[in-house]
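Report on one structure; see the data block that follows.
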Amino acid sequence: QSLRDGLRYAIEKNEFTLHYQPIMYADGKRMWAAEALLRWNFKGDNIPPDVFIPLAERTGLIHDIGNWVLHRACIDAAQWQFDDSVAVSVNVSVSQLMDDSFIRSLDRVLEGSGLSPQQLHLEITESVFAENTEHVLKQIQAIKARHIQISIDDFGTGFSSLGQLHSLQFDHIKIDRAFVQKLEEGSDTIVRATLMIANEFHCLTVAEGIETAEDAVRLRAMGVNCLQGFYYARPMPARELLAWYTDN
Ligand code: G
Ligand code: G
Ligand code: MN
Ligand code: NA
């Protein structure tokens, strides 16, 4: 059985789980949000999302899978016993976002879970800038009208257009971990430039890939708002998140 055939039945066979990785305020003490990260166990192997998400996009399965993720993440977050301001951050593929049924799915999931829309963040990779601007704008406006916040993911790795960044009104910019990991080699300039852009557009900033105390100290000093990475916590099952939160 090929991976592609396996993926088709992964939902009904209950092979997906969501892990959650905390995103901390820059003080490193309080949790701002938790990012939902999809895991697929296929025949005893963990298939990395870098492999099956592109496959899901090519086969069109991304719509069903994306809806499953949204639903699961909102149900989980509605039951979290954290501060009510802690959000769940869900990755949304560009093809999923652009689909006409996406906004209807969002409404259904919010209603079904009872999660407050203010507690939902959607992460969209900056490859969205390559799409038809008018349609992106329409989808973004529908999301914003529901008071859901939007993060631009993997910022700096692709082809963000500053003009679009302005007109699309994202709420948060996630600085890709490639820049965090190369601070010594000149990436600090890119991080500073990103912070200036974010400030100009009233976006919060999140630095990904914080692996050491030094990373945290440096990015905090540069003025990044939120920090995420193995230094704080690895992605973990929902039930472990509560225990982690209580211990920290
Ligand atoms: O979880 P991490 O291991 O390795 O994720 C790898 C990549 O897969 C990241 O770019 C992440 O954004 C993406 N990814 C993880 N979960 C999801 C998901 O539920 N939907 C989409 N579209 N991408 C996801
Ligand atoms: O593209 P996206 O930001 O959605 O990717 C999230 C991915 O980054 C997940 O696979 C997650 O496991 C991974 N990740 C999170 N924190 C760290 C980190 O500190 N170091 C590394 N190498 N990967 C990380
Ligand atoms: Mn992400
Ligand atoms: Na990213």
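Taking segment 134-156, which residues are out of contact with any Ser or Thr (no Cβ under 6 Å at 6 or more places or on another chain) and either in a strand (DSSP E or B) or touching a residue at least 40 places away in the same chain (Cβ under 8 Å) (or both)? Within segment 134-156, Q139, I143, R146, I148, Q149, I150, S151, I152, F155 meet the criteria. When you scan segment 155-163, do you find a residue that is in contact with a strand residue (DSSP E or B) (Cβ under 7 Å, 6 or more places away or on another chain), more than 21 Å from Y20 (Cβ to Cβ), of a type in the set (S, T, N, Q) and surrounded by 16 or more Cβ atoms within 10 Å (Cβ to Cβ), even just one? No: zero hits.
Conditions (1) within 16 Å of ligand 1 (Cβ to nearest atom); (2) under 20 Å from L97 (Cα atoms); (3) modelled with pLDDT of 95 or more, marked per residue:
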site	(1), (2), (3)
F159	no, yes, no
D188	no, no, no
V206	yes, no, yes
V217	no, no, yes
M222	no, no, yes
Q228	yes, no, yes
Y232	yes, no, yes
T246	no, no, no
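Among residues of segment 34-54 that are within 16 Å of V69 (Cα to Cα), those with a Cβ under 6 angstrom from a residue that is acidic (D, E) and more than 15 Å from ligand 3 (Cβ to nearest atom), sequence gap 6+ or separate chain, pair up as W40/E15; N41/E15. Of the residues that make up segment 159-182, is at least one within 16 Å of ligand 4 (Cβ to nearest atom), assigned to a strand (DSSP E or B), of a type in the set (V, I, T) and within 26 Å of V94 (Cβ to Cβ)? Yes, segment 159-182 contains a residue that is within 16 Å of ligand 4 (Cβ to nearest atom), assigned to a strand (DSSP E or B), of a type in the set (V, I, T) and within 26 Å of V94 (Cβ to Cβ). Under the condition of being of a type in the set (K, R) and under 20 Å from A78 (Cβ atoms), which residue from segment 95-147 is nearest to ligand 3 (Cβ to nearest atom)? For segment 95-147, the residue satisfying everything is R146.
Yes/no per residue for (1) within 13 Å of the chain's Cα centre (by Cα); (2) closer than 30 Å to N248 by Cα:
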{"position": "D45", "(1), (2)": "no, no"}
{"position": "V51", "(1), (2)": "no, no"}
{"position": "I62", "(1), (2)": "no, no"}
{"position": "A73", "(1), (2)": "yes, yes"}
{"position": "Q79", "(1), (2)": "no, yes"}
{"position": "F82", "(1), (2)": "no, yes"}
{"position": "A87", "(1), (2)": "yes, yes"}
{"position": "V94", "(1), (2)": "yes, no"}
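Within segment 102-133, restricting attention to residues that are more than 17 Å from Q164 (Cβ to Cβ), outside any helix (DSSP H, G or I) and among the aliphatic types (A, V, I, L, M), the residue that is farthest from ligand 2 (Cβ to nearest atom) is L115.
Can you name the residue in segment 34-73 that is outside any helix (DSSP H, G or I), of a type outside the set (D, E) and within 16 Å of ligand 4 (Cβ to nearest atom) and is also surrounded by the fewest Cβ atoms within 10 Å (Cβ to Cβ) among such residues? Among them, the one singled out is P48. The set of residues in segment 168-192 being more than 13 Å from the chain's Cα centre (by Cα) and either within 13 Å of ligand 3 (Cβ to nearest atom) or among the aliphatic types (A, V, I, L, M) (or both) consists of L168, R177, A178, V180, L183, I190, V191.
The values are calculated or read from the model by the stated rules, or taken from the named source; none is laboratory data. Since the structure is predicted, the reported quantities are computational estimates derived from the model, not experimental observations. Cβ atoms come from the backbone with ideal geometry, glycine included; neighbour counts cover every protein chain shown.
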